[in-house]
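Below is one structure, written out as structure tokens, with a few remarks after it.
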Amino acid sequence: SADSNNNRRLSSLPIAKSLLQEALEYYETGNPDLAKKKALAAYLDGIEPMEAKLRANHPETISDIETQMIEVRKLIDAREPLAKLRTSIDKTNGTIERIEKMLLEKPTSGPLTFLMSAGIIVREGFEAVLIIIALLSVLRATNAAAAVRWVHGGWLAAIFVGLIAWFFSGWLMGMSGAQRETMEAITSLFAVLVLLYLGFWLHRKTEIEKWKTFIDDRIKSAIGKGSLLTLGMISFIAVFREAFETVLFLRAVWLEGGTEAAMLSGVAAAFMVVFALAFLLLKFSRRLPIRKLFGITSLMMIVLAIILTGKGLHALQETGILSISASPIPFRLDLIGFYPTLETLLSQALVLILCVSVWFYTRKVESSPLKSF
């Protein structure tokens, strides 16, 4: 019925308001530590379970409610006056009530379901496409056919796992907010390590002679099986990370009452767009000189590593594992992993400094007259 569907939509939002009220009461009675735990639970148990639905229906509200929830915890940490905390919680509750009203009034239709489903696939697949294209561009330019097959095998395996996850998506959505955020953080940060390794690896082989030597000595030999497996793992991780979130978002669209035909049509159309984009990027990369191609690919890997560093650490902040310190830059843009906290910005700056340092060091070694020794 319509009432039961509405109740299902709003299932966890009242929990958030209730826990915020408890946080205020504990703070008032002189127990800030328990107040902070309640404020964190308000996000993880009340808001985070709704994230997939909000991103599917009202993505602009995610930033607002996350920022306000973080502000409540920061006020508790700073032992600010009760009146200030009360004002912040009232503002947060107002946003929650606005979200409740928006979800209740949101009509679900075939065209809307199509657009939401397609938008989710295109948005989540963009980063994965860049990584896969970077791998394929370099390997095709050097005629490493064996390695290309491993890269294709990696992303195909990730999509297959994503399809399996769809059938278990009810269980996935039943995971606690902390578990989902922690999984996202671990996957993102592991991807950062892999991307940095690959970026430096490609940078060191910007000379075609070096790359061909590597292909002959490693990829085309039995010893190279480990390298091929690494390429397959990179491909798998890049797509699996996005597939996991996509399954949750699509399940949210499904629960909103969207028709099966509209959702499947949206997914199919989005895959066509993603594959067309991949084809065009791959075709363009073939026209680039091999040295320039390696340089662009390395830069792409490093940029993606910086983005995922921000996203991974932000997920840890949402679980309460990592502290939150306001940065003087209030700007936030989830798409590029940019958040207004010192922890995320300083970590991203460290990754950038590391990359620049390695780049200059490599250049210095390459130009050294002692290199041949």
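The values are calculated or read from the model by the stated rules, or taken from the named source; none is laboratory data. Predicted model, so just to flag it, every value in this text is computed and none were measured. Note that we place each Cβ from the backbone using ideal geometry, even for glycine, and neighbour counts take in every protein chain shown. Protein only, heavy atoms only, side chains kept; ligands, DNA and RNA dropped before computing areas. Shrake-Rupley method; radii C 1.70, N 1.55, O 1.52, S 1.80 Å.
With r defined as the distance between the Cβ atoms of His58 and Leu346 and R0 fixed at 35 Å, what FRET efficiency is calculated, to the nearest 0.05?
Numbers: r = 31 Å, r/R0 = 0.89.
Computed FRET efficiency for His58 and Leu346 comes out at 0.65.
Can you compute the FRET efficiency between Leu163 and Phe284 using 1/(1 + (r/R0)^6), with r the Cβ-Cβ distance and R0 = 35 Å? Round to the nearest 0.05.
Approximately 0.70, to the nearest 0.05.
Going by average Cβ neighbours within 10 Å, how do the peptides 143-152, 237-246, 89-98 rank, with the highest at the top?
Packing order, densest peptide first, comes out as 237-246, 143-152, 89-98.
Lys84: accessible area at probe 1.4 Å, nearest 10 Å²?
100
Would you mind putting 301-308, 332-339 in packing order, based on average other-beta-carbon counts within 10 Å, highest first?
301-308, 332-339
How many nm separate the modelled label positions at Ile353 and Ala269, each set 7 Å beyond the Cα in the direction of the Cβ?
Using points 7 Å along Cα→Cβ, the separation is 4.8 nm.
How many nm separate the modelled label positions at Leu193 and Val303, each set 7 Å beyond the Cα in the direction of the Cβ?
2.6
Please compute the net charge surrounding Glu343, taking Lys and Arg as +1 and Asp and Glu as -1 over other residues with Cβ under 13 Å from its Cβ. Walk me through the numbers on the way to the answer.
On the way: positive: Lys74, Lys311; negative: Glu318.
Taking every other residue near Glu343 into account, the sum is +1.
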